[in-house]
Amino acid sequence: MPVLNDILKIRLETQEKAGLKRHLSTHAIEFLSPITRHEGRDYLHFSGNDYLGLRTHPHVMQAAMAAIDIHGAGAGASRLVLGNHKAFGELEIALAAYKGTESALVFGSGYLANIGAITALVEQGDLILADKFVHACMLDGAQLSGATVKRFAHNDMGHLTSLLATHRSAHSNCLILTESVFSMDGDCAPIAEIQAIAQSHDAWLMVDDAHGLGFVKPFSADVISGTLSKALGSYGGYVAGSSVLMQHLISQARSFIFSTGLPASCVTAANAALNIMKSSPELALKAQSLANRIRKTLGQAEGISPIIPLIIGTPEAALEASYTLREAGIWIQAIRPPTVPPGTSRLRITVSASHTEDHIVQLLDALQTIKKTL
Ligand SMILES: *Cc1c(COP(=O)(O)O)cnc(C)c1O
């Protein structure tokens with residue numbers, strides 16, 4: 001009988017041959033700058049999601065440390081048992097106010113928020129229509145829910161409308177899934193348009209705002225999900241929407257019910273970061289303008305997000321480009337299937353408010369060298 005390890009070795013070899021094996025590298029991330037140290041060498045990185053540089057902001061770090069002093073290291077139990085410390089309510093009020101919703105609910109992570117909300121809203125006999133580019137955790141939630149799942153071409157309203165016309169009537173409830181800012185492309189969904197389409201077909205709209213927070217204007221949707229771990233620089237996730245929705249999630253979202261509450265340090269740090277985000281709009285503006293400078297050089301249209309895809313093609317070529325940049329002291333992770341569709345392996349360049357003009361010049365110089373080899 002084949003031993004587990006023998007079977008896994010064969011699977012790993014197959015992945016490696018396709019250029020799809022993933023490796024963990026260890027990084028020492030220096031404070032207050034987009035520099036990372038790997039195996040003794042310092043790199044300027046364009047791969048983080050800490051878009052506003054708040055992960056290492058002194059007020060955010062102090063908030064986390066003060067919370068540990070008061071509340072200890074962990075929450076000690078799920079929120080429904082003993083773990084619902086007061087930092088949760090404070091952050092939820094602030095998040096709801098910022099998102100313009102009645103209420104918000106903090107989950108253990110963005111991943112848990114998405115799978116928890118989707119499985120609590122739809123089930124077998126219902127229909128989910130998901131943009132082709134939505135994040136893996138929305139798709140995992142969709143699969144787990146038992147609803148029929150169909151995908152519409154990325155941001156293609158004609159395709160969404162035709163799927164609704166064909167399939168809506170055979171299902172009881174319908175949930176449309178999209179993102180405010182798409183994680184691997186940095187472009188935006190036409191949310192107001194989708195909301196109107198949803199309303200006219202008696203469907204609900206859920207928008208994952210993981211990469212939009214701080215960058216997109218307020219929008220309305222039946223369900224908004226998000227993370228505390230990108231622009232807010234901490235860890236955790238949330239759902240925002242009506243008070244009734246939050247009451248329902250507290251009773252029904254399994255990833256909320258059956259998982260330990262976040263440590264108070266994560267929650268308090270996220271709240272401190274949210275306050276800075278609100279009082280310092282110049283941070284997002286800086287990241288946006290640096291990103292647009294890169295887009296211009298790459299011949300791409302202006303955008304509002306700090307995410308810039310440089311599509312390369314095969315996984316091997318994307319890895320090669322990533323290693324070439326590394327030799328020049330620039331760290332940009334290659335992104336390969338299944339994170340992105342086959343044939344679109346890429347360098348996902350992300351900019352943060354802690355990058356300087358000089359950092360951008362260094363990046364653009366290094367990109368010249370890979371352009372020659374592409
Ligand atoms: C990162 C991400 C998530 C998951 O959030 P975590 O808090 O890291 O679990 C969810 N959705 C999108 C679009 C993301 O990019």
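The values are calculated or read from the model by the stated rules, or taken from the named source; none is laboratory data. All figures in this text were calculated on a predicted structure; none of them were measured in a lab. Counting neighbours? That spans all protein chains shown, and the Cβs are built from the backbone with ideal geometry, glycine included. Only protein heavy atoms, including side chains, enter the accessible area calculation; ligands, DNA and RNA are left aside. Shrake-Rupley method; radii C 1.70, N 1.55, O 1.52, S 1.80 Å.
Observations, loosely collected:
- Cα-based reach from Lys21 at 15 Å (exclusive), listing aspartates and glutamates while leaving out same-chain residues under 8 positions away: Glu13, Glu316, Glu320
- Simple spin-label estimate for His38 and Glu16 in nanometres, 7 Å along Cα-Cβ: 1.9 nm
- Between region 72-105 and region 183-197, the Cα center-to-center distance that results, in Å: 28 Å
- Residues with amide H under 5 Å from that of Trp204, placed H, sequence gap 5 or more: Cys174, Leu175, Ile176
- Taking the protein heavy atoms of region 194-296 in the context of the full set of protein chains, the accessible area attributed to carbon and sulfur is 55 percent at 1.4 Å.
- Whole-number accessible area per residue in Å² for the chain, which is evaluated in the context of all protein chains at 1.4 Å: 46 Å²
- Lys, Arg +1 and Asp, Glu -1 on Cβ, resulting dipole of region 1-156 about Cα centre, debye, nearest 20: 340 debye
- Alpha-carbon spread of region 104-219, three principal axes, descending order, Å: 38, 28, 23
- Fully extending the segment from Leu80 to Gln143 would add 20.1 nm, taking 0.36 nm per residue of separation and subtracting the current Cα-Cα distance.
- Of the residues Thr324, Thr166, ranked by 1.4 Å probe accessible area with the largest first, the sequence reads Thr166, Thr324.
- Working note: 222 nm ellipticity from helices only, DSSP H runs with n ≥ 4, each -39,500 (n - 2.57), summed and divided by the residues of the chain, gives -13500 deg cm²/dmol to the nearest 500.
- Apportionment of accessible area to carbon and sulfur, region 78-150, percent (1.4 Å): 54 percent
- Calculated translational diffusion coefficient of region 294-374 (37 °C, 0.692 mPa s; Stokes-Einstein with Kirkwood radius over alpha-carbon pairs) equals 252 µm²/s.
- Note on the chain: with a GNM built from Cα contacts shorter than 10 Å, the maximum mean-square fluctuation among Tyr111, Tyr323, Tyr238 falls on Tyr323.
- Low-density loop positions, trypsin sites (Lys or Arg not before Pro), region 85-175 - DSSP coil, at most 15 other Cβ in 10 Å: Lys132
- Within the same chain, aspartates and glutamates fewer than 8 places from Lys86 are excluded, and of the rest, those with a Cα less than 20 Å from its Cα are Asp69, Glu102.
- Beta bridges by DSSP in the chain, antiparallel share as percent, to the nearest 5: 55 percent
- Mean Cα-pair separation over length for the chain, i.e. relative contact order, pairs under 8 Å, 6 or more apart, %: 23 percent
- Fully extended contour minus Cα-Cα distance, from His27 to Arg326, at 0.36 nm per residue: 106.3 nm
- For Gly313, the shell of other residues with beta-carbons less than 15 Å away shows a net charge of +2, using +1 for Lys and Arg and -1 for Asp and Glu.
- GluC sites (Glu not before Pro), loop per DSSP, at most 14 other Cβ atoms within 10 Å - longest free stretch of the chain: 124-301
- P(r) of the chain over all Cα-Cα pairs, binned every 10 Å from zero, in whole percent: 5, 22, 30, 27, 14, 2, 0
- For Lys217 and Thr297, the FRET efficiency from 1/(1 + (r/R0)^6), where r spans their Cβ atoms and R0 equals 22 Å, is about 0.25.
- Between Gly125, Gly186, Gly108, the GNM of the chain built on Cα springs shorter than 10 angstrom shows Gly125 fluctuating the most.
- About its Cα centre, the chain has a charge dipole of approximately 440 debye under the convention of +1 per Lys or Arg Cβ and -1 per Asp or Glu Cβ, with nothing else charged.
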